[in-house]
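Taken together, the values in this text are just the output of simple stated rules run on the coordinates, not laboratory data. All values derive from a computational prediction rather than experimental measurement. Positions of Cβ are generated from backbone atoms using ideal geometry, with glycine treated the same way; all protein chains shown enter the neighbour counts.
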Amino acid sequence: MSIFSIASSGLSAASLRANVAASNIANVQTTGPLPTSDGSSQATSAGSSCIAPTFPAAYVPLRVDQVSQSSGSTPGGTSATVSTVSPSYTVQSDPSAPFANQDGLVAAPNVDIANEFAQLAAAKYSFIANAKVIQAYSETEKSLLDITT
């Protein structure tokens, strides 16, 4: 595997990590009705006898799983995949929400803001480091070509 493809895989993983963290931070307050035991949302409002409106589910936070790529005798690079956080929600009190259950509870995304900002910082420095690798390799290759001509 070439230096460019190794560093490029690192750039891609860092970019994905930053996008996921930003999405989690942006949606930290996107609550929804508590799911029932069968996985559907509790969309009925207290005291309503007519057909209740359906509300979107709470935001499902994501995480990035990053592993080293290894292909036989030429290992290198990284691979990043996105998966959902489990459990995806926490129970929160918000009696004013139109989708709150009879106890005033809603589902809030299970997002740890401190961890998300740490993920953003890690993604930033990983991106910078991989960009520097590409830059250094390019400069070295250019100077090597100047010497040989």
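Some points to look at:
- Sorted by Cβ neighbour density within 10 Å, fewest at the top, the residues V28, V82: V82, V28
- For I113 and Y137, the FRET efficiency from 1/(1 + (r/R0)^6), where r spans their Cβ atoms and R0 equals 35 Å, is about 0.45.
- Peptides 134-142, 8-16 ranked from most to least packed by the mean count of surrounding Cβ atoms within 10 Å: 8-16, 134-142.
- Rounded to whole numbers, the Karplus 3J(HN,Hα) couplings from phi for segment 107-119 are 8, 10, x, 7, 10, 9, 4, 4, 5, 5, 5, 5, 5 Hz, using 6.51 cos²θ - 1.76 cosθ + 1.60 with θ = phi - 60°, and x at Gly and Pro.
- Amide H partners (placed H, <5 Å) of L105, local residues excluded: D94
- Fewest-first ranking of T30, T81, using other Cβ atoms within 10 Å as the exposure measure: T81, T30
- Spin-label pair T81-Y125: with each label point 7 Å from Cα along the Cα-Cβ axis, the two points sit 2.7 nm from one another.
- For T90, nonlocal amide neighbours, meaning residues 5 or more places apart or on other chains whose placed amide H falls under 5 Å from its own, are A108, N110.
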